[in-house]
Amino acid sequence: MNLEQVKQVAEYASAARQKYAQPASEHVSLGGQLRLVVFLVMWLVLTGLFTLLGGAFGGAVGLGAALPVGMVLAAIPAFLISRIVRVAAQWERAVILRLGRFHGIKGPGILFVFPVADYARFVDTRLLTLDIPHQQVITRDNVPVQVDGVIFFQVQDPERAVVTVQDYRYAISQYAQASLRDVIGSMTLDELLSERDQIQSRIAQAVEERSRSWGIHVDSIRLLDINMPEDLKRMMSRQASAEREKRATITKAEGDREAAINLAAAAATMAQSPGAMQLRTLQTIDGLGSSPSNTVLLAVPVEVLELAKTLATGKADARDLTVLSAASAPPRPAE
């Protein structure tokens with residue numbers, strides 16, 4: 001088994017572990033107990049009626065023979081009558097077809113459906129959920145991705161949902177898959193990863209425009225997962241690492257520049273204040289000797305340094321004065 005086959009087996013195993021929300025049954029049977037009560041009541045009434053008729057025509061002998069026969073015969077009409085009673089839940093609507101033609105919408109509560117003439121299709125009007133399984137899509141920049149999602153919708157017109165489309169659940173699921181492929185196929189990979197909300201809105205809008213004629217309102221469509229090839233994931237990881245390193249280098253350079261500007265400003269300020277440099281020197285010495293284990297020795301006192309600086313400044317001023325006086329003196333006459 002080569003590496004490609006191993007990857008395919010791993011993808012199949014991952015897809016098998018994926019748990020999809022299975023839709024519940026479309027109709028919740030709430031009238032079972034009520035139909036049982038109706039059946040028992042009608043069976044007892046019809047049995048008693050058949051027994052009385054047998055006793056009226058056959059006397060005591062007819063009464064004894066009519067009882068078991070009446071029990072058997074009463075079960076058939078009692079069962080048919082009990083099947084007339086149906087119960088729709090609060091969130092259900094029953095679409096009634098009488099002799100193949102649309103008759104009306106009934107529910108919620110107790111409703112009567114005649115077994116031979118009527119057919120009832122119960123429709124759930126709550127917010128429903130359907131999965132959009134893995135879709136293999138190629139983006140506009142030729143990158144293969146696998147996308148799966150979920151669609152939330154609600155039946156607003158049960159008549160059109162039953163009469164217009166054969167199976168509205170299957171129809172909206174297939175249309176959502178096709179719209180997902182169309183929208184994602186028209187976008188690049190960067191747009192797919194960064195504009196997920198916009199993609200979801202575009203898909204929901206496309207499905208809503210078509211499903212409105214089916215009596216269905218699309219609440220939203222959400223993208224659950226976007227799978228890319230492993231080599232592309234590694235390249236994107238390296239790109240993100242390079243981007244972070246680039247930002248760190250730029251931030252450090254900006255910090256060094258700001259530090260240099262501040263140091264230059266501090267040096268200019270200290271140069272304008274005669275005692276600022278001396279105070280800074282003493283502050284530095286105090287910081288070095290804050291620990292008892294550190295000992296700071298000054299080979300030359302600060303006063304000596306200040307005196308040398310003053311003498312150097314005085315000599316420079318005297319030299320400048322001499323040069324200035326020599327330049328301003330009148331020339332001596334030639335002998």
Residue list for the stretch 150-182, restricted to those being hydroxyl-bearing (Ser, Thr, Tyr), surrounded by 17 or more Cβ atoms within 10 Å (Cβ to Cβ) and touching a Ser or Thr at 6+ places or on another chain (Cβ under 9 Å): Tyr168, Tyr175
Residue selected from the stretch 210-228 under the condition over 14 Å from the mean Cα position of the chain (by Cα), within 18 Å of Ile184 (Cβ to Cβ) and part of a strand (DSSP E or B), by the criterion modelled with the highest pLDDT: Val218
Go through (1) surrounded by 12 or more Cβ atoms within 10 Å (Cβ to Cβ); (2) part of a helix (DSSP H, G or I) for Met187 and report which single condition fails. (2)
Gly104: passes all of (1) open to solvent by less than 80 Å² (accessible area, probe 1.4 Å); (2) in contact (Cβ under 8 Å) with a residue 12 or more places away in the chain; (3) closer than 30 Å to Val163 by Cα but (2)
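Criterion first (aliphatic (A, V, I, L, M), in contact with a His (Cβ under 8 Å, 6 or more places away or on another chain) and surrounded by 14 or more Cβ atoms within 10 Å (Cβ to Cβ)) does Val147 satisfy it?
Yes; evaluated as a whole, the condition is true for this residue.
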Top-ranked residue of the stretch 54-72 - restricted to ones that are surrounded by 15 or more Cβ atoms within 10 Å (Cβ to Cβ) and of a type in the set (A, V, I, L, M, F, W, C), ranked as modelled with the lowest pLDDT: Leu63
Search result, residues across the stretch 163-184 that are among the aliphatic types (A, V, I, L, M) and either over 16 Å from Asp124 (Cα atoms) or part of a helix (DSSP H, G or I) (or both): Val163, Ala171, Ile172, Ala176, Ala178, Leu180, Val183, Ile184
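The values are calculated or read from the model by the stated rules, or taken from the named source; none is laboratory data. Because the structure is predicted, anything quoted here is derived from the model rather than measured. For neighbour counting, all protein chains shown are included, and Cβ atoms are generated from backbone atoms with ideal geometry for every residue, glycine included. Note: accessible area is taken over every heavy atom of the protein model, side chains too, but ligands, DNA and RNA are not part of it. Shrake-Rupley method; radii C 1.70, N 1.55, O 1.52, S 1.80 Å.
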